[in-house]
Amino acid sequence: MKRALRLASIIGAIVLVLLIIGFILAAVFNVLLDVLYIFLIILAAFSIVSTAFLIYSVLLLIQTIVTVRDEMKPLLASVNQTADYLKDTAKTAGQTATTISSTAQLTSDFALGPTIRTTATILAGQKMLRVFLGRGRARSQAEERRKQQWEAMQASARGGD
């Protein structure tokens, strides 16, 4: 980009020097008015050409806008259809989550809850019978954990030797 800018400035300077030399030579030979008319004709021609290019670019811009508008309509329809599909999917997922939650609650209430309560009652009854019949002694949960930890430490010490 810098190279193109530098080249354009060099060409511009050369053209400016040539114009100055041309005006000086035209003044020396008394043809300055003719040169002025020629330059005005050339400038008018450039003005007409540049106006034609501007009109052409505006027409291309209008055509591009129309094409983009026509292409956007199906795209927007597709986006709306996808959004509707996602809404339906989210609704179905919500219903599925509600069903799973209800099933888990039902399972907990009618299967796991009574089973856990029954097992706890049986184990408590066994321990109570052992204490009353003299086969066991009432231990706290902390004592049970300490005993299990001690046994685990003894087993790891024997395995380490």
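Residues in the range 21-35 that are among the β-branched types (Val, Ile, Thr) and surrounded by 10 or more Cβ atoms within 10 Å (Cβ to Cβ): 21, 24, 31, 35. Does the range 121-136 include one or more residues that are of a type in the set (D, E, K, R), surrounded by 10 or more Cβ atoms within 10 Å (Cβ to Cβ) and more than 56 Å from the chain's Cα centre (by Cα)? Yes.
Restricting the first member to the range 25-52 and to residues that are modelled with pLDDT of 95 or more, and the second to residues that are of a type in the set (D, E, K, R) and not in a helix (DSSP H, G or I), no beta-carbon pair is closer than 7 Å while six or more apart or on different chains.
Looking only at the range 53-62, decide whether some residue is among the small types (Gly, Ala, Ser), at pLDDT below 85 and either surrounded by 10 or more Cβ atoms within 10 Å (Cβ to Cβ) or assigned to a helix (DSSP H, G or I) (or both). No, the conditions are met nowhere in the range 53-62.
The values are calculated or read from the model by the stated rules, or taken from the named source; none is laboratory data. This is a predicted model, so every value here is computed, not measured. Quick reminder, even Gly has a Cβ in these numbers, built from the backbone with ideal geometry, and neighbours come from all protein chains shown.
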